[in-house]
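Let me begin by presenting the structure, written as structure tokens, before commenting on it.
The values are calculated or read from the model by the stated rules, or taken from the named source; none is laboratory data. All figures in this text were calculated on a predicted structure; none of them were measured in a lab. Heads up, the Cβs are rebuilt from the backbone with ideal geometry, glycines too, and the neighbour counts pull from every protein chain shown.
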Amino acid sequence: MEQVVRDLVALTGFSAQDSQILRENAAHLQQWTDELTKVFYDTLYAYPRTAQVFVDGERPHREITLHDWYLEVISGQIKPEFWQRQWFVGLMHIKRGVDNQFLFGILSRVQLFFMDKCYQDFDPVKATRVFVAFKRMTDVIAGLIVESYRQQYLHAVERASGINQALIHRMAVVETVRMIVEIRGEEQGSSS
Ligand code: HEM
């Protein structure tokens, strides 16, 4: 997990300054929690493929989860357990059948909701700074969730099948090259 955090931080440019901006504005950003939670679940419950992930009576529990997640994100207090908690979300999502396109779809909505709020409440320079801090932070989180999902999936297949991950990876590459050849033709497939 640590390497995945380092990769995401390096490539997004997420920094201590972003955490600080969130921390300094946390009291204000907290005011958006209920509205953000409502947008999040209204969207997921309105779309049949995401609505079917949830069981009857679950919404209040999920709202609390998201509420707490948002408050922790905007607190800008990043302890090692913080990244560990984001990593764990990927495992819960596998368990509950939350596909990664659902994650990215709703993340986009969360980020744009947050952006609108920033430009409504702050002057444009500050709005950009706060939004960028939140965007980098939540992009790192999404990357962690998606990668934990992928790694855990492989790990689970390794444990259940007894085939080690290096071999699973090799089989995936061989099969994929075969498929590329089918799709694009022999010459291109074998040259890439
Ligand atoms: C920005 C996107 C998302 C974030 C930040 C997020 C965050 C979380 C968090 C913090 C947890 C709790 C993990 C734990 O128990 O420690 C969780 C679990 C869960 N999430 Fe997500 N989630 C996202 C997207 C989604 C989407 C798109 C769905 C449904 C389509 C979904 C459905 C669930 C479900 C069903 C659980 C498991 C609850 C349980 O069984 O305890 N999440 N998520």
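The table below lists the values:
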| quantity | calculated |
| --- | --- |
| Residue within the stretch 144-161 that is away from the ligand (no atom under 16 Å from the Cβ) and under 22 Å from V39 (Cβ atoms) present | no |
| Matching residues, the stretch 95-126, being part of a helix (DSSP H, G or I), of a type in the set (A, V, I, L, M) and within 10 Å of the ligand (Cβ to nearest atom) | L103, I106, L107, V110 |
| Residue pairs meeting the criteria (Cβ under 6 Å; at least 6 apart or on separate chains; first assigned by TED's automatic domain parsing to the domain that holds V98, in the stretch 53-65; second within 8 Å of the ligand (Cβ to nearest atom) and of a type in the set (A, V, I, L, M, F, W, C)) | V53/V98 |
| Flag if K135 is more than 10 Å from the ligand (Cβ to nearest atom), of a type outside the set (S, T, Y) and assigned to a helix (DSSP H, G or I) | yes |
| Any hit, the stretch 104-114, residues being surrounded by 16 or more Cβ atoms within 10 Å (Cβ to Cβ) and touching a His at 6+ places or on another chain (Cβ under 9 Å) | no |
| Hey, L154 out of contact with any Phe, Trp or Tyr (no Cβ under 8 Å at 6 or more places or on another chain) and assigned by TED's automatic domain parsing to the domain that holds G13 or not | yes |
